[in-house]
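This report refers to the structure that appears directly beneath it.
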């Protein structure tokens, strides 16, 4: 424990080298003495000279071990909410998201007046790109329009939410595994919930199919909305498709990932190629769907469900098309 | 069977009708603590403790009866005792706190033994049966929702034999309960129990000064304090609350935060290495492969406790407080 108190703090740069070296040596000696003392007192009397036992790179090893032990979890607080969102991580991510929002993707927002004042509310958007940037951007948009307390939770597909290393990060940022139980609980607690009913089919589109919405799951969004009576707000996102233009998909053996996307920069440039391109993003919020007068019994009418789901899909497709028309170019 | 069996019993006339509770499994934490609490209650309540042998510290006020649930004739023997003592409620807590490598015996006790208890309750016209289960039965699965409700299917862990046995027990219990609608059946599913006195393979593992945990995973964990568990069992035995309830502490914490609160040295190892190197600390004496334990530190298996809180009251200890109570009782170095 005393090893942690690094002697660097005692050094100031103006002093001559000899004085500095002497001071450093004195501090080291004092620390070594303290360490030996502690070992004598608490180490069960097994006090042999420290130099013989410790490895030459013991400190480096200890550092390495410590950083391995906290890999991916060094920056977080002691408290998380029910779904694992960590306020400290969210606060730290906020400037990054602000930068992405203002400067990098220059998000153009329209239809903010359609967003309800407060939750519970389902925000339904088109999905694009393997990484959940669109979820984060919608989350950030709502947070800006309302308040940090109203920060929505965004749904993340199973394969990513259960991927080792990704899972702890996504949960701390407000990502939740996409499933009906989670939606019901979050809406019951009055949250905004961002869902992508296209799921994997939307994320795994190739560039050729960009901005063409895929089938909307099995009508789960409408079913949950009918049963809980929350408003459904359609959102169209433009720009995320070109941020990671997937030229074609390569399915590796082993199935760790569902497939490896091949983009103009990935895997050609390695990890650098995983950075999204600075495209121009448009976020279009549509008018909320009025479902409350149908009542929870309507959720059992399968034909109605599929018709409403299709309506919602068409609505979002229209928002995306509007966004595409209004955008001057991919980059501007 | 019962009328013939009870005819020779001598104490029959001296028994008062109301308020007789039988508890099986006096060696288990829940059984022993529950007997102690029930005996301490002021009302005229009588408690019958049932186990293989009389525990060293068995409260004066309670009656002891010998019962070996692994014997094929246990149901008849138990029915005799229940009828003789005019037991109205049975709390069945005779389950392994720690699974043993003797898979056959564990199965005999946990599944077949429970079947004996059910049949004896039916024969002795017991009005209420409270069974101790666990949220471990939901199993750690990557596709679990964040909060498992009582309606969620019990998928367990394919390699944890005790979990497997108890899932079978619960399905037998559901069938039995459907056939005996006049018996109130309460199933309580506590999550991992922590506290100053509770001792299990899980608390033993978390008492180690240095821990190996899976690399790349950091699931949300949920704990419950031993006092909250015993209190809920006491209420379930005394009042009418048929159904299945999760017994969990409020709040969740990531595993890494728990380990940090206890100031543990943590080694994050990739799965295959972890399972080979850290076999003993996790599963040394349970007869299961290490996955059967480490998957519980890998995937989510947090249960929704709101139904239980409505009936048994809010838990006194949150997950964090249960953990801190455990950590400080084990005199670990530091906590915040």
Hits in the range A:200-222 (condition: crowded, with 16+ Cβ neighbours inside 10 Å and within 21 Å of residue A:298 (Cα to Cα)): A:216, A:217, A:219, A:220, A:221, A:222
Residue B:178, sole failed condition from (1) more than 14 Å from chain A (Cβ to nearest Cβ); (2) in contact (Cβ under 8 Å) with a residue 12 or more places away in the chain: (2)
Single unsatisfied condition, residue B:104 versus (1) in a helix (DSSP H, G or I); (2) buried (at least 18 other Cβ atoms within 10 Å of the Cβ): (2)
Subset of the range B:166-201 [within 13 Å of the chain's Cα centre (by Cα) and either farther than 23 Å from residue B:31 by Cβ or in a helix (DSSP H, G or I) (or both)]: B:166, B:167, B:169, B:170
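How many of the residues in the range A:177-211 are part of a strand (DSSP E or B) and over 28 Å from residue A:248 (Cα atoms)?
The first filter runs over the range A:177-211 and keeps only residues part of a strand (DSSP E or B), leaving A:177, A:192-195.
This time we only want the ones that are over 28 Å from residue A:248 (Cα atoms), so: A:192-193.
Summing the residues that are part of a strand (DSSP E or B) and over 28 Å from residue A:248 (Cα atoms) in the range A:177-211 gives 2.
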Any hit, the range B:205-213, residues being farther than 28 Å from residue B:117 by Cβ, out of contact with any helix residue (DSSP H, G or I) (no Cβ under 6 Å at 6 or more places or on another chain), buried (at least 17 other Cβ atoms within 10 Å of the Cβ) and within 14 Å of chain A (Cβ to nearest Cβ): yes
Residues being more than 14 Å from chain A (Cβ to nearest Cβ), touching a strand residue (DSSP E or B) at 6+ places or on another chain (Cβ under 7 Å) and surrounded by fewer than 23 Cβ atoms within 10 Å (Cβ to Cβ) - total across the range B:135-156: 0
Residue tally, condition surrounded by fewer than 19 Cβ atoms within 10 Å (Cβ to Cβ), without any contact (Cβ under 8 Å) to a residue 24 or more places away in the chain and away from chain A (no Cβ under 12 Å), over the range B:283-308: 1
Residue pairs meeting the criteria (Cβ under 6 Å; at least 6 apart or on separate chains; first modelled with pLDDT under 90, in the range A:82-107; second in a loop (DSSP other than H, G, I, E, B)): A:86/A:76; A:86/A:77; A:86/A:80; A:88/A:76; A:88/A:77; A:89/A:76
Single unsatisfied condition, residue A:327 versus (1) surrounded by 16 or more Cβ atoms within 10 Å (Cβ to Cβ); (2) touching a strand residue (DSSP E or B) at 6+ places or on another chain (Cβ under 9 Å); (3) more than 19 Å from residue A:196 (Cα to Cα); (4) at pLDDT below 85: (4)
Evaluation of residue A:273 against (1) outside the structural domain of residue A:195 (by TED's automatic domain parsing); (2) out of contact with any helix residue (DSSP H, G or I) (no Cβ under 9 Å at 6 or more places or on another chain) (one fails), failing number: (1)
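Scan the range B:107-122 and give yes if some residue there is more than 14 Å from chain A (Cβ to nearest Cβ), assigned to a loop (DSSP other than H, G, I, E, B) and touching a residue at least 12 places away in the same chain (Cβ under 8 Å), otherwise no.
Applying the first criterion (more than 14 Å from chain A (Cβ to nearest Cβ)) to the range B:107-122 yields B:107-122.
After this cut, where a residue has to be assigned to a loop (DSSP other than H, G, I, E, B) as well, the list is none.
For the range B:107-122, residues more than 14 Å from chain A (Cβ to nearest Cβ), assigned to a loop (DSSP other than H, G, I, E, B) and touching a residue at least 12 places away in the same chain (Cβ under 8 Å): absent.
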Search result, residues across the range B:236-277 that are away from chain A (no Cβ under 14 Å) and surrounded by fewer than 22 Cβ atoms within 10 Å (Cβ to Cβ): B:238, B:239, B:240, B:241, B:242, B:243, B:244, B:275, B:276, B:277
Residue ID - farthest from residue B:270 (Cα to Cα), chosen from residues in the range A:161-199 that are crowded, with 18+ Cβ neighbours inside 10 Å and more than 14 Å from chain B (Cβ to nearest Cβ): A:192
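Conditions tested, residue by residue: (1) surrounded by 24 or more Cβ atoms within 10 Å (Cβ to Cβ); (2) farther than 28 Å from residue B:181 by Cβ; (3) under 21 Å from the mean Cα position of the chain (by Cα).
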residue	(1), (2), (3)
B:60	no, yes, no
B:77	no, no, no
B:125	no, no, no
B:132	yes, no, yes
Selection within the range A:272-299 - under 34 Å from the mean Cα position of the chain (by Cα), in a helix (DSSP H, G or I) and more than 30 Å from residue A:97 (Cα to Cα): A:292, A:296, A:299
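The values are calculated or read from the model by the stated rules, or taken from the named source; none is laboratory data. Please read all numbers here as calculations on a predicted model, not as lab measurements. Cβ: placed from backbone, ideal geometry, glycine included. Neighbour counts: every protein chain shown.
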